[in-house]
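What follows is one structure encoded as structure tokens, with my remarks underneath.
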Amino acid sequence: MRMQDGLNAAILEALPMPVLIVDRQERVIVANAASRQIFGEAVQGRTFATVLRQPALMSALEAALRRGDQGRVRCLIQGAGREMVAMVSCAPIGSGAMLSFEDVTALEEAEAMRRDFVANVSHELRTPLTALMGFIETLRGAARDDPAARERFLSIMDREANRMNRLVADLLSLSRVEAEERKRPAQRVDVVSLVQSALVTLRPQAEAAGVNLLLEGGDAAIVIPADPDQLTQVFTNLIENAVKYGGSGGEVTARISRIPHEAGLRGPAVKIMVIDKGDGIDPLHLPRLTERFYRVDTHRSREQGGTGLGLAIVKHIVNRHRGRMRVESQKGQGSSFIVTLPET
Ligand code: ADP
């Protein structure tokens, strides 16, 4: 019998889930290791109401003690230096009750993120859609017999439809990249030629914006394990952003170099910097740039045909390649987007 008790206590102590057992007087008589991490080592012996004073939980506990009811209550708990959202199960055992805490913080955060994402996507699609619907109505009515107005409206409709098209393409691309994020790319690819081809693709756009595109350090091939289409997308997005948002500086440079030993990546790496001399980015925005739909200046991004997803896609692709991305920028002096990718 005693051995059985010892085993039960050991099992309780080893459970990863925080568990408290209180007696009939609502005093904590058992607190396992996981619960002591949250409520502190001294929790044992305290009156439960001094540990967690939450009305819903107190009534669930009373219901368990007085009537033998089982209950489940959502609680906000401050402990172990953070705020945790927990579903607390309250069950009668013997003459006392057992409270077990299920941490649902990450789950609720993921749900909130999903909701935000759907709301953002809907909002982003609705703006061009509203414009399209408005112009269809105008073309049927007031502008019916006005060829000049018709042409002008059709070209706006064309632009808005293209915006929706780009948004859908970026969303698909993001979900594909996310789905593959854990699959390491296996192809051997020359990074230099990918950067060169991104520069070639963007040359007309840069010329139209009066921006000179330069390449530094791309003298010899650098072959790494990579997904060529995805890396092309990384370089295209970064160079295109530099032209769009940093083009006022008149030049954008892609600089490629090798690092014999990159500490963060524990080995040899290739570093690709995309440098512009534009207005730069306020440091306040830097940590959030890779969030979906985050823009420093929404109006400007829209005007440039941006979807707000470019850097989110870049981040996921770089992650998949086990690389790193960081941004250095000073207001008025331009920005550098720096990608390092492991060579092996
Ligand atoms: P977008 O579709 O808006 O271009 P991105 O995810 O590619 O979306 O970029 C997010 C935001 O980061 C942009 O809206 C812009 O405000 C800012 N940004 C990106 N690159 C640069 C840059 N080189 N210089 C200044 N701001 C930039």
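The values are calculated or read from the model by the stated rules, or taken from the named source; none is laboratory data. Quick caveat: nothing in here was measured; it's all calculated off a predicted structure. With ideal geometry, Cβ positions are generated from the backbone for all residues, glycine too; neighbour counts draw on all protein chains shown. We work out accessible area using only protein heavy atoms, side chains counted, and drop any ligands, DNA or RNA first. Shrake-Rupley method; radii C 1.70, N 1.55, O 1.52, S 1.80 Å.
Things worth noting here:
- The chain, relative contact order [Cα under 8 Å, separation at least 6], %: 11
- Between the stretch 33-57 and the stretch 107-145, the Cα center-to-center distance that results, in Å: 48
- Using the average count of surrounding beta-carbon atoms within 10 Å as a protection proxy, the listed peptides 119-126, 233-240 rank, highest first, as 233-240, 119-126.
- Neighbourhood net charge (11 Å Cβ-Cβ; Lys/Arg +1, Asp/Glu -1) for MET87: -1
- On a per residue basis, the stretch 107-179 carries 71 Å² of accessible surface, using protein heavy atoms and a 1.4 Å probe.
- Leading residue at positive end of dipole, the chain (Cβ point charges), from PHE293, GLN78, VAL191: GLN78
- Taking the longest Cα principal axis of the chain as reference, the axis of helix 310-320 is set at about 60 degrees.
- With a cut-off of 13 Å between beta carbons, the residues surrounding ALA63 carry a summed charge of 0, where Lys and Arg count +1 and Asp and Glu -1.
- Rounded to the nearest 20 debye, the dipole size of the chain about its Cα centre is 460 debye, using +1 on the Cβ of Lys and Arg and -1 on the Cβ of Asp and Glu.
- Given charges at Cβ of Lys, Arg, Asp, Glu: the chain dipole, positive-most of THR236, LEU265, ALA64: ALA64
- For a straight C-alpha distance cut-off of 22 angstrom, the lysines reachable from LYS315 (same-chain residues fewer than eight places away being disregarded) are LYS183, LYS244, LYS271.
- Accessible surface ranking for TYR294, TYR245, 1.4 angstrom probe, highest first: TYR245, TYR294.
- Within the shell defined by Cβ-Cβ distances under 11 Å, the residues around ILE338 carry a net charge of +3, with Lys and Arg each +1 and Asp and Glu each -1.
- About the centre of its Cα atoms, the stretch 212-344 shows a dipole size close to 420 debye [charges on the beta carbon of Lys, Arg (+1) and Asp, Glu (-1) only; nearest 20 debye].
- For the stretch 2-103, a crude dipole built from +1 on the beta carbon of Lys and Arg and -1 on the beta carbon of Asp and Glu, taken about the Cα centre, is about 200 debye to the nearest 20.
- For the stretch 107-179, with +1 on Lys and Arg beta carbons and -1 on Asp and Glu, the positive-most of ALA110, LEU174, GLY134 along the dipole: GLY134
- What a 1.4 Å probe finds exposed on the chain is 53% carbon and sulfur by accessible area, rounded to a whole percent.
- Nearest-ten-degree value, helix 228-246 long axis tilted from longest Cα axis of the chain: 70
- Taking every alpha-carbon pair under 8 Å whose residues sit at least 6 apart, the stretch 2-103 reaches a relative contact order of 25 percent.
- For the chain, the longest principal axis of the Cα atoms and the long axis of helix 105-140 meet at an angle of about 40 degrees.
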